[in-house]
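The values are calculated or read from the model by the stated rules, or taken from the named source; none is laboratory data. For clarity, every value in this text was computed on a predicted model and none was experimentally measured. As a convention, Cβ positions derive from the backbone with ideal geometry for all residues, glycine included, and neighbour counts pool all protein chains shown. All accessible areas refer to the heavy atoms of the entire protein, side chains included, with ligands and DNA or RNA removed. Shrake-Rupley method; radii C 1.70, N 1.55, O 1.52, S 1.80 Å.
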Amino acid sequence: MRKISANYIFPISSMPLKNGIIILNDKNKVVKIIDTKGNLKEIENLEFYNGIIAPAFINAHCHLELSFLKNKIKKKQLLGNFILNLIKEKNKNIEKNLKLDFIKKADNEMKKNGIIAVGDISNEEISFPVKSKSKIFYHNFIEIYSLDNSKSDLIFEKAIFFLSKISKKFKNLVFSIVPHSPYSVSDNLFEKIKIFSQKNNNIISIHNQETESENELFFSKSGHLYENLKKLNLDLSKFSKKEKTSIEFFFPKISKKNKILLVHNTFTSEKDINFLKKHLEKIFFVLCPSSNLFIENKLPKIDLFYNKNLNVAIGTDSLASNEKLCILEELKKIQNKFPEIPLENLLKWATINGAKSLNLNENFGQIKVGKRAYLNLIENVDLKNMKLKNASKIKVLNF
Ligand SMILES: [Zn+2]
């Protein structure tokens with residue numbers, strides 16, 4: 001049995017407790033949470049920590065397989081150029097073992113940073129052996145793309161074949177088939193993913209409005225992203241201007257029966273959110289602030305998401321566009337720009353909301369009696385103002 005206390009406990013599913021005590025049994029299950037009302041008496045074998053104890057973090061968006069691209073791509077050159085450089089770097093003949101080393105390191109880094117579950121985009125098989133052995137739970141998004149309507153059968157069949165192969169090989173992993181983005185998936189392919197999602201317990205994750213020029217592309221078939229897609233020799237001839245924003249264009253094409261993770265949302269407006277109004281309960285707005293600053297040097301309207309009380313979750317994106325895989329760092333970046341958002345909310349986004357987005361809230365994202373405890377200690381917090389400091393850091397207490 002362990003008795004654990006700190007300056008504050010944030011169970012997330014209930015009110016924060018000053019000097020609360022969590023009692024764990026030998027199987028690491030929470031058997032009791034004691035509210036001392038800030039009045040901690042001497043208790044035998046009590047472990048006391050300075051800081052805040054919170055549930056382990058959920059990283060709702062990552063690409064583990066891109067870890068080898070750390071420090072390889074230049075910052076702040078907009079999404080169109082980022083994609084071109086990413087493809088260029090990916091096409092270089094990098095040794096498989098080297099890629100695997102980066103994947104192992106990145107998995108380890110996330111563990112040390114108190115991340116217990118990840119929504120991970122996978123285009124290839126390379127990361128699965130590491131993920132299947134990891135302490136971290138991975139929901140794997142098999143991402144597909146093709147703008148060519150006539151190839152949609154082939155692309156989808158290949159994805160199904162890949163899914164059946166890897167789900168037999170890695171039985172403890174969970175998979176969904178997802179569209180890459182509104183601008184890289186044809187109507188036919190969107191339709192196939194929709195039918196598949198409706199029949200299966202698929203979670204939909206899609207990169208959304210990561211660049212201003214994504215809206216421009218759909219509105220007027222012009223702009224930075226359009227020009228860069230042309231450089232990829234894609235057949236954009238059938239791509240007509242829609243006079244719609246990206247969300248207005250693609251949202252009708254995806255299943256509404258499933259959880260929907262909209263990733264980035266850097267250029268999502270209030271009008272877009274109103275457009276989604278009927279479906280907001282199912283939608284998770286996954287924010288990856290470090291990656292947005294890296295690629296576009298811009299953050300989403302996070303105050304708007306907060307004020308509208310939307311389901312927000314947090315992602316790191318990959319090491320191709322981030323220096324660290326650390327959810328706490330993402331929260332610091334949000335707090336720096338939007339200090340009005342309370343720490344309790346930021347922690348809710350980083351824990352229970354991420355868990356809900358990946359259908360994992362039964363196991364992760366909260367400290368609750370009867371549940372297995374996965375605990376982070378956040379050290380070096382400004383407890384007087386309940387704010388993170390730049391020097392705040394994570395210590396994993398119980399994984
Ligand atoms: Zn991504």
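Descriptive notes on the structure:
- Filter result for F161 (crowded, with 17+ Cβ neighbours inside 10 Å and either more than 16 Å from the ligand (Cβ to nearest atom) or farther than 19 Å from N201 by Cβ (or both)): no
- Of all residues in region 293-337, those being surrounded by 22 or more Cβ atoms within 10 Å (Cβ to Cβ), modelled with pLDDT under 95 and polar (S, T, N, Q) number 1.
- Number of the condition not met by K278 [criteria: (1) open to solvent by less than 70 Å² (accessible area, probe 1.4 Å); (2) in a helix (DSSP H, G or I)]: (1)
- Scan region 290-320 for residues that are part of a helix (DSSP H, G or I) and more than 16 Å from the ligand (Cβ to nearest atom) and the total you get is 6.
- Every pair of residues 6+ apart whose Cβ atoms lie under 7 Å, when the first sits in region 197-209 and is open to solvent by 10 Å² or more (accessible area, probe 1.4 Å) while the second is polar (S, T, N, Q): Q198/S255; H207/S181
- No other residue among E109, E95 is open to solvent by 70 Å² or more (accessible area, probe 1.4 Å), away from the ligand (no atom under 15 Å from the Cβ) and in the same structural domain as L346 (by TED's automatic domain parsing) apart from E95.
- Residues (at pLDDT 85 or above and among the small types (G, A, S)) located in region 221-253: S222, G223, S246
Condition check ((1) closer than 30 Å to I21 by Cβ; (2) assigned to a helix (DSSP H, G or I); (3) out of contact with any Gly (no Cβ under 9 Å at 6 or more places or on another chain)) across all residues:
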{"residue": "K324", "(1), (2), (3)": "no, no, yes"}
{"residue": "E330", "(1), (2), (3)": "yes, yes, no"}
{"residue": "T351", "(1), (2), (3)": "yes, yes, no"}
{"residue": "G354", "(1), (2), (3)": "yes, yes, no"}
{"residue": "G365", "(1), (2), (3)": "yes, no, no"}
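- Annotation: of all residues in region 321-349 being of a type in the set (A, V, I, L, M) and closer than 20 Å to S269 by Cα, the one that is farthest from the ligand (Cβ to nearest atom) is I341.
- Those strands (runs of 3 or more DSSP E) lying entirely in region 98-180 with at least 1 residues farther than 23 Å from Q198 by Cβ: 115-122, 137-144
- Qualifying residue in region 75-86 (condition: part of a loop (DSSP other than H, G, I, E, B), outside the structural domain of D317 (by TED's automatic domain parsing) and within 19 Å of G315 (Cα to Cα)): no
- Positions within region 17-71 being of a type in the set (D, E, K, R) and more than 16 Å from the ligand (Cβ to nearest atom), in sequence order: K18, D26, K27, K29, K32, D35, K37, K41, E42, E44, E47
- Helices (runs of 4 or more DSSP H) contained in region 182-266 and holding at least 1 residues closer than 17 Å to L84 by Cα and within 16 Å of the ligand (Cβ to nearest atom): 212-220, 224-231
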